[in-house]
Amino acid sequence: MPELILAIHCFHHDATAAVYQDYALRAAVQLERLTRHKGDGRQHPDLAIDEVLGIAGATRKDVDVVCRSRKLFPFQYFRKIRWGRWLVWQ
């Protein structure tokens, strides 16, 4: 059974949703394409989520993994990260 991954980005300029099936992109939609508001990122992309799942032929119950952008978390969780150090191979 293939793994279904739902990726969500919102609350910063553009809200988007994408669905990956076994790490292969199946569908991606920006919320502004559905609401007709340029740069629509004012709300959670529920319309985009339903659209990409419909394109992939799945429902919300079929999703195995949800990936969210860091914009959904408070800034305090990222304040002490030294951005360059964790990218260096040890």
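Of note:
- Filtered by the rule that a residue be farther than 12 Å from residue 63 by Cα and in contact with a strand residue (DSSP E or B) (Cβ under 8 Å, 6 or more places away or on another chain), the range 1-26 gives 8, 9, 10, 14, 15, 16, 17, 23, 25, 26.
- Failed criterion for residue 13 (all others in (1) modelled with pLDDT under 75; (2) touching a Leu at 6+ places or on another chain (Cβ under 8 Å) hold): (2)
- Residue satisfying all of: in the range 17-40; outside any strand (DSSP E or B) and either acidic (Asp, Glu) or under 12 Å from the mean Cα position of the chain (by Cα) (or both); modelled with the lowest pLDDT among these: 40
- Evaluation of residue 78 against the conditions (1) within 19 Å of residue 13 (Cα to Cα); (2) at pLDDT below 85; (3) surrounded by 10 or more Cβ atoms within 10 Å (Cβ to Cβ) shows that the sole unmet condition is (1).
The values are calculated or read from the model by the stated rules, or taken from the named source; none is laboratory data. All of these numbers come straight from a predicted model, not from anything done at the bench. Neighbour counts are summed over all protein chains in view; Cβ atoms, including those assigned to glycine, are modelled from backbone coordinates with ideal geometry.
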